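First comes the structure, then the notes that go with it.
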Amino acid sequence: MRLEVETSELERIGKAFQAISKETSYEGLAKALLKAALDYSDAGRGAVLLSESGELLTRADASFPRERPKFLASQPPASEFRLPVDLSERVLTRREIVLRDDGWEGSALIDSARCRRGPIVQLCLPLIHRDQTVGVLYLESERKETFGPRYVSVVSMLASQAAVSFESVQLFEALRETNLWMVKGQQIGRMGSYRWNTRTLLSRASRECYRLFDIDFDVNPVPFEVFKSRVHPDDIPALEEALAEAVGTKSPFSHEYRVVHRDGTTLHVAAVGQFDVGPTGDVELEGIISDITDRKAAEQALTDARTELARAIRLASLGELAGSIIHEINQPLTGIIMSAEACLRWLERSPIEPAEARRSALRVIEQGRRAGDVVAGLRTLVRGAQLRFADVQINDAIEEILLLLKRDLERAGVTLNTALDKSIPTIEGDRVQLQQVVLNLVRNAIDAMASVTGKRRVLSLSTKVGGAGVAVVIADTGIGIAPASRDRLFDALYTTKRDGLGLGLSICRKIIAVHGGRLWVEENTPNGATFTFTLPLHQSGSISANH
């Protein structure tokens, strides 16, 4: 009979040890220890105080000033647990097991102490882990015989088991916290980790992977067919080919494809991984899968914006071409009209002067051809084709333009001063294009002096050789250029004229740039503006008009 009692008691103690050792949380460990201690005796009251930090007593800590977390389990429930000062000193500091008689006023269970008055017996044991007091087991009874030597011995073993289990709880909590951080990090980064067995075609994956592929959590491991059922049908062939190549060569895997959820939601994902030998000896692909839907949307938006910009540029180029033709063809047309009018005047004279009329008619033909050259040149410039480079005597080309504009200068009351350097050698260039630049700059100078009154209107045009190039300088005594306009003067569609198209200077700069030169503007002193462009002395025979 005694043997049966002892066997039953050992079974109770063994179950208590098992209950304590299987706990994986601080709170659960505190409750399990208290239940085991109360079940083993008729003590009706008790408490376990456990510190998560490993130190029961709060200490000043500048790096973590908050109060360290504590877990309290009590029976009956108590809102506050406070050991008497002397008991705290002996148990927590000296680490003694204390058994003593006391009155209710000495109870550590504050709520219980308010209910009754009378003598009590207290048993208090420290929970020691790695030379630190990490908790305390406190029991109360109204009978002295409750806490006999045998009971104290058993409870001490239970307390020791709880202290040993404390380390397991610490490790489990750290693992739980690390896993929580990983899960949270994957949620924030919208990426999941996976391992795919290349032999069994089964996958193990994180929760975020399940979410990305809209797969139920109870599907574990995930068969390849379940995974493939979520891949967009159009992307399956390329994915299988990429996997086969990676498996065959054991090279790092990287591929992007679409995932379709059961509700029709489509995600873009990027999968990367590398091969490793798994626990079973099978080759496994381990890696991460990221949700790149937002990135794809941003890339598509950027592509759309670029496409729209390219379309706008093409439209602007067409508009610039049309405007340029209007702008530049006006000069030859003016020459045609002037020559035709002169021809009529010679024919209307009495007697008729056929020689002069013939010369005027020839100028009409010449200007008509010039208009054709302007159109062809502008078309060439915009299309980026090869310009017709040939030997050009820049002074002769300029003099032809000044002759054409002689009547315009006279009508505007402009005095022309020229200083053409006769030592300038022949350069390579497109004669018509360069004449268009001079023509446009001279006309702009005339327009800039149209509103000038009370002083002379002077246009100065000079050429000179300097360094490895030729400089052409066109200066006026006009109204000058406002500082706000100077930086934008060569922008397409920008103009300071009320009826201007804002194309002439932009095209001029393009022409000069194609010739390998530079065009800029400076302010005159005391008034007016000076436009200067340079041309290199030597050009290759074939220069593309890219701009």
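The values are calculated or read from the model by the stated rules, or taken from the named source; none is laboratory data. Quick caveat: nothing in here was measured; it's all calculated off a predicted structure. Positions of Cβ are generated from backbone atoms using ideal geometry, with glycine treated the same way; all protein chains shown enter the neighbour counts.
Quick notes on this one:
- Some residue of region 480-494 being in a loop (DSSP other than H, G, I, E, B), at pLDDT 85 or above and in the same structural domain as Asp421 (by TED's automatic domain parsing): no
- Among (1) at pLDDT 75 or above; (2) assigned to a helix (DSSP H, G or I) - the single one Leu318 does not satisfy: (1)
- Subset of region 208-227 (residues that are part of a helix (DSSP H, G or I) and surrounded by 14 or more Cβ atoms within 10 Å (Cβ to Cβ)): Glu208, Cys209, Tyr210, Arg211, Leu212, Phe213, Phe224, Val226, Phe227
- A count restricted to region 351-391 and to residues that are under 24 Å from Gly516 (Cα atoms), in a helix (DSSP H, G or I) and at pLDDT 75 or above stands at 0.
- Looking only at region 404-414, and only at residues there that are in a loop (DSSP other than H, G, I, E, B) and either of a type outside the set (Val, Ile, Thr) or within 57 Å of the chain's Cα centre (by Cα) (or both), the one that is nearest to Lys510 (Cα to Cα): Leu405
- Candidate set: region 2-18, residues that are modelled with pLDDT of 60 or more and acidic (Asp, Glu); chosen: the one surrounded by the most Cβ atoms within 10 Å (Cβ to Cβ): Glu9
- As a summary of the residue check, Val98 satisfies the conditions (1) surrounded by 20 or more Cβ atoms within 10 Å (Cβ to Cβ); (2) among the hydrophobic types (A, V, I, L, M, F, W, C); (3) at pLDDT 80 or above except for the one numbered (1).
- Condition met for Asp234 (in a loop (DSSP other than H, G, I, E, B), loosely packed, with under 14 Cβ neighbours inside 10 Å and among the charged types (D, E, K, R)): no
- Residue within region 150-159 that is part of a strand (DSSP E or B), modelled with pLDDT of 80 or more, of a type in the set (S, T, N, Q) and not assigned by TED's automatic domain parsing to the domain that holds Cys209 present: no
- Test: residue in region 292-301 that is modelled with pLDDT of 90 or more, out of contact with any strand residue (DSSP E or B) (no Cβ under 9 Å at 6 or more places or on another chain) and more than 24 Å from Ser206 (Cβ to Cβ): no
- Region 415-460: number of residues that are surrounded by 14 or more Cβ atoms within 10 Å (Cβ to Cβ), within 54 Å of the chain's Cα centre (by Cα) and part of a loop (DSSP other than H, G, I, E, B): 2
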